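A short write-up of the structure that comes next.
The values are calculated or read from the model by the stated rules, or taken from the named source; none is laboratory data. Here the structure is a predicted model, which means the values were calculated and not measured. We place every Cβ from the backbone using ideal geometry, glycine too, and count neighbours over all the protein chains shown.
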Amino acid sequence: MTEERVVRLNGVGRLAGGRYDDVHIEGVGRIEGDVECATLSVSGKCQVRGRIRAARVTIEGKCDVRGDIEAESIQVSGWLTVRGNLAADRLVGHGLLRVEGLVNADEVDLRGPGRIREVGGGRVSIDCHRPVWLRWLNGFRADTVEGDDVRLVGVHARWVRGDTIDIGSGCRVDRVEYRRHLRQAPDAVVRDARQA
């Protein structure tokens, strides 16, 4: 019988990288090295100095990852910074998301401000519609957004590619390349749109 390795950091603590069943950080924690686990949940503040491989990642606070994240499901309702790439089957975010590398997910559903260098997926939905009192935030910016079905609101991007693309209100896009259908809101700015 194998011993279950569940780690729960409450308050302030550090954790060595390694393999665990579940890792829960409630408070302020630091993970030193690569971590592999079934579930990683952060309710507070966490810094990971390495790579994360998990079935499920839940961020309800602030997490800074100095490496890549690879997971089946990632749920962000706080602030996540990834200084590498992020790969997931499903990425859902209702907070601030910054990824310096590539985001690759079958399903991307983001609501809120952020900065991602490149987003690729099957179904990509990014909605950064902000109320007037939050207009001071920089919105959502991406160099490239690519997917089969792409829906954007309040996004500034250099390049958007896909089969079906919906460029919604508040978007500013330098170039759009679509295969089947393009819809553009009246107040959206698209400098160049081409059917491939």
Residue by residue through segment 41-60, note down the ones that are at pLDDT 95 or above, under 21 Å from PRO113 (Cα atoms) and of a type in the set (Gly, Ala, Ser). SER43
Pair list, Cβ under 6 Å, 6 or more apart: segment 158-184 residue farther than 19 Å from ASP143 by Cβ, other residue part of a loop (DSSP other than H, G, I, E, B) and not small (Gly, Ala, Ser): SER169/ASP187
Does GLY147 fit the bill of being modelled with pLDDT of 95 or more and either crowded, with 16+ Cβ neighbours inside 10 Å or farther than 23 Å from LEU102 by Cβ (or both)? yes
